[in-house]
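Asker: Take a look at this one; I'll ask things after.
Please treat every number below as a calculation from the coordinates, not as lab data. Everything quoted here is computed from the prediction, not taken from an experiment. Every residue, glycine as well, gets a Cβ built from its backbone with ideal geometry; the counts of neighbours run over all protein chains shown.
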Amino acid sequence: MSKGKAARVQGTQSHGPLPACVEGFTRLQHPVTQSIDGSTLTGAADSQAAIEQPCQEDVLSSAMAPQDGGISVAIPEADVSTDVEAEQAIAVSEAETALPVSAFAAFGLRRELLEGLAAIGFEEPSPIQKAAIPELMLGRDLVGQAQTGTGKTAAFGLPLLERLDAGQRTPQVLVLTPTRELAMQVAEAFNSYAACMKGVKVLPIYGGADFRDQIQHLRRGVQIVVGTPGRVMDHMRQGTLDLSGLRSLVLDEADEMLRMGFIDDVKWVLEQLPAERQVVLFSATMPTEIRRISQNYLKDPAEVTIRQKAADGRRIRQRHLVVNGPQKLEALERVLEAEGSEGVIIFARTKAITLTVAESLEQHGYDVAVLNGDVPQTQRERTIERLRDGRVNVLVATDVAARGLDVDRIGLVINYDIPFDGEAYVHRIGRTGRAGRSGEAILFLTPRERRFLGGLERAVNQPIDAMEVPGNASINQHRLDRLRQKLTTTLQQPVCNPEERALLGEILQRVAQEQSCSPDQLALAALELGLAGKPLLLQGEERWGQSRPGAPTRERDRDRDRGGERRPFNDRNQERSEDGPEDNMERFRIEVGWRDRVKPGNIVGAIANESGLAGRSIGKIRIFDAHSTVDLPKGMPDDVFADLRRLRVMNKELQISRLGS
Ligand code: AMP
C-alpha cells in the first residue's frame with residue numbers, strides 16, 4: 001500500500017468510541033477487557049493464548065485509553081508512523097517480543113498474526129484496514145465501500161482471525177465471494193495471515209471442485225469457510241455445513257454477487273444464520289439492492305468508505321486508441337511490442353475472441369494463456385499460478401473468468417473489447433496497479449464505440465487519454481531497448497552453466513582465428529544469430545493506421561460509412577461530400593483530430609483569427625481520428641501559411657500541409 005494516501009472514513013451518526021488507529025493510534029479504545037459477546041477481544045479465553053502473547057497486554061495497556069467521538073475523519077496515513085504514543089506502544093512490543101516494528105501491533109492483534117504479517121511484508125495498514133480493523137475487533141457489523149486492491153481482505157481477515165475461538169470445531173467465519181477465483185484468493189490470504197497461528201483451518205468451497213472432498217474437510221473441522229453462494233447453499237441444505245456456531249459472515253464484492261445474480265442466494269444464507277452474528281459487507285459500489293441488504297440484515301453497522309484520491313486513480317495510466325474492427329489484432333500486436341510489460345491481461349468480450357486473440361499472439365511468439373468459461377477449474381488454477389510466477393506473460397480472458405484475479409505482476413491491462421459498463425471497466429483495470437505498484441491500461445475503441453468513452457471517463461473520474469497505435473519508429477526503438485536489456489541481463493546472469501560457457505568460448509576463439517575477425521565483429525555475428533532469422537526492425541510506413549491523404553483504404557471507407565468521420569459541418573445537407581475541394585479552394589491537412597477533441601468551430605475560429613479570413617470563406621472541414629482536412633481559398637500567401645503551421649489548436653500545432661503536395 002502506498003504511503004501518504006488519505007482516506008475518508010464516513011460514519012453513520014455516532015458509533016460510540018472512535019477507533020484509535022483512525023486518529024493515528026493516539027487513543028486506542030479500551031479493549032482488553034471489553035466484552036462484546038462474552039469473550040475478551042484478545043481471544044484469550046484459553047489460557048494458552050494468553051501465555052503465548054506476553055507482549056499483547058503491554059501494547060494495549062500502554063496505548064489504549066477510552067475516548068469518545070463519531071466517525072467522520074480524514075486519515076492521513078502519515079499519522080500512523082508519526083504518532084508518539086503509537087511509537088511508544090510499538091517500542092514496547094518490539095522490546096519484549098523481538099517482533100519487527102509494525103504499525104499493525106497497535107491494533108492489538110495477537111503475536112502470531114503480527115508474525116504472519118511480517119512474513120508477507122505488511123508493515124503499514126492501508127486506509128481501509130485502519131478504519132475497519134478496530135470496528136471489527138469490537139464485533140460490530142460493518143459496511144465497507146472499497147475497490148479491490150485497497151487491502152480489504154486483510155481489513156476483515158485480521159480481526160476475524162483475532163476473534164477466532166481455537167476450541168470451536170464448527171465454522172465460525174463464512175466469507176461469500178462471487179467467484180471461485182476470489183474464494184481461493186481470500187482463503188489463501190487467510191492462510192498467509194494465520195501462517196503462525198496453530199490449528200486454524202480455512203476451507204475454500206466452490207462449484208466445480210469435488211463435493212465429497214469438501215465434505216470430508218468440513219467433517220474434520222474448519223473454522224473459516226470461504227465459498228461461492230451456490231456451493232455454500234448446497235452444503236447447507238445437505239447438512240454438511242453447520243453454521244449454528246457461526247460468529248461472522250463476510251459478503252465480499254457484494255455488488256459483483258448482485259451483478260452475477262446471486263443476491264437471492266445471499267439473502268437465503270443470511271436468513272439461516274444465528275441471530276447473534278456479525279455481518280460484514282464489502283462492495284466497490286453501493287447499488288440500491290446492496291444498500292437494502294445492509295439495512296435489513298446488518299445491525300447499526302459502522303460505515304467505512306475509502307474514496308480513491310485522484311492520485312490513486314492516476315497510479316494506473318489510462319489511455320485509449322481508436323481502431324477499426326479488422327485492424328484490431330494488428331493494433332494489439334503493435335501495442336504489445338511497444339508497451340508490453342512483465343504481465344499483461346487482455347480482456348475480450350467472448351470466449352471465441354479470447355481464442356482468436358491467443359492464437360494470433362502465440363503465432364507471434366508470445367507465451368499466452370486463455371481464461372474463459374470453458375476452461376476447467378483445475379486448469380484455471382494452474383493458469384493463474386503460471387501467470388503469477390511468470391511462466392506465462394500474457395493472459396487473454398473474459399470478464400467473468402478474470403474477476404477477482406489478484407496477480408501483483410500485472411503491469412498492463414488491455415481492453416481489447418470495450419467493457420459493458422463503467423463498473424466492468426473499473427474492475428478490469430483494477431487487475432493492474434496492485435500492491436502499490438503503478439500500472440497501465442489501454443482501451444481499444446472502434447470508431448462507433450467512441451461515444452462510450454465519456455461514460456467510462458466518468459466512472460473513473462479522470463480523462464482516458466488518446467494514444468496512437470504505435471508506429472514503426474516506436475516499435476523499433478522498443479526492440480532495440482529490449483535487446484540491449486537482454487544482453488545486459490545475460491552478461492550479468494549467464495544462462496549457460498560454466499562447462500557450456502567454456503565450450504562456447506572455444507567456438508568463439510576458433511572462429512576468430514579462422515576468420516581473423518575482431519571481437520566486435522564476432523559479437524555482432526552472435527547478436528545476429530540471436531535474432532533467429534527474424535528482422536530486427538520493422539521497415540516501411542512510419543505511422544500506422546492513420547488515414548493518409550490520397551490513400552483511402554477499404555476500412556476507412558467502411559468506417560466513414562458507419563459514421564466514423566464527422567460530416568463536414570458546412571455541408572450537412574449534401575449527402576455526397578466525398579468530392580475534392582471546389583474550384584477556387586485548396587484542401588489542407590492539419591494535425592489535430594477527433595482524439596484531440598477538436599470541433600469544427602475550434603478550427604474555423606483559430607484559422608480565421610490567424611489568417612484574417614472571414615469564417616464563411618473557410619470551406620469543408622472533415623475531422624478524422626488524428627488529423628483533419630480543411631478547404632481554404634486558393635493562393636494562400638507563404639507567410640500566412642507559415643503562421644498557420646505553428647498555430648496551436650487544442651494545444652497541438654496545426655502543422656498544416658497541402659494535400660497532394
Ligand atoms: P486486496 O484489496 O485485499 O485484494 O489487496 C490488494 C493487494 O494488496 C494484495 O496483493 C495484498 O496482499 C496487498 N496488501 C493488502 N494490505 C497490505 C498492506 N497493509 N501492506 C502491503 N500490502 C498489502
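Asker: What number does segment 302-445 give for Rg over Rh if you use C-alpha atoms and the Kirkwood radius? Numbers along the way, then the final one.
Answerer: Working: Rg = 14.7 Å, Rh = 15.4 Å.
That ratio equals 0.96.
Asker: Could you give each residue of segment 226-243 its phi-based ³J(HN,Hα) in whole Hz, using Karplus coefficients 6.51, -1.76, 1.60 with θ = phi - 60°, and x for Gly or Pro?
Answerer: 10, x, 8, x, x, 5, 4, 4, 4, 5, 5, 5, 7, x, 8, 10, 8, 9
Asker: Once the dipole of segment 250-305 is set up with Lys and Arg at +1 and Asp and Glu at -1 on Cβ about the Cα centre, which of 284, 262, 305 lies farthest towards its positive end?
Answerer: The Cα lying farthest towards the positive end belongs to 305.
Asker: Classify segment 203-294 as rounded, prolate or oblate, taking a ≥ b ≥ c as the square roots of the eigenvalues of its Cα gyration tensor: rounded when a/c is under 1.5, otherwise prolate if a/b is larger than b/c and oblate if not.
Answerer: Details: a/c = 2.15, a/b = 1.55, b/c = 1.39.
Prolate.
Asker: Sticking with this one: Taking H placed 1.01 Å from N in the peptide plane, check which residues at least 5 places from residue 346 or on another chain put their amide H under 5 Å from its amide H.
Answerer: Counting only residues 5 or more places away or on other chains, the set is 395, 396, 397, 414.
Asker: What's the ranking of 234-243, 336-345 by average number of surrounding C-beta atoms within 10 Å, highest first? Before the final figure, lay out each step's value.
Answerer: Working: 234-243: 15.4, 336-345: 19.7.
Highest to lowest by the protection proxy: 336-345, 234-243.
Asker: Once you have the Cα-Cα distance between residue 363 and residue 295, take 0.36 nm times their residue separation minus that, and quote the gain in nm to one decimal. Display every interim value, and only then the final one.
Answerer: Working: separation 68, 0.36 × 68 = 24.48 nm, distance 5.35 nm.
Answer, rounded to one decimal: 19.1 nm.
Asker: Stretched out fully, how many nm does the piece from residue 385 to residue 461 gain, at 0.36 nm a residue minus the Cα gap? Mind showing how you got there, number by number?
Answerer: On the way: separation 76, 0.36 × 76 = 27.36 nm, distance 3.29 nm.
Working it through step by step, the gained length comes to 24.1 nm.
Asker: May I ask for the Rg/Rh ratio of segment 338-403, computed from Cα atoms with Rh as the Kirkwood radius, given to two decimals? Display every interim value, and only then the final one.
Answerer: Working: Rg = 11.0 Å, Rh = 11.8 Å.
Value, to two decimals: 0.93.
Asker: Roughly how many nanometres apart are two label points built 7 Å out from the Cα toward the Cβ at residue 275 and residue 503?
Answerer: Between residue 275 and residue 503, the label points sit 7.9 nm apart.
Asker: OK, next. Please label the shape of segment 609-661 as rounded, prolate or oblate, based on the square roots a ≥ b ≥ c of the eigenvalues of the alpha-carbon gyration tensor (a/c under 1.5 means rounded; beyond that, a/b larger than b/c means prolate, else oblate). Mind dumping the intermediate values first?
Answerer: Values: a/c = 1.32, a/b = 1.16, b/c = 1.13.
Rounded, because the longest to shortest axis ratio a/c is under 1.5.
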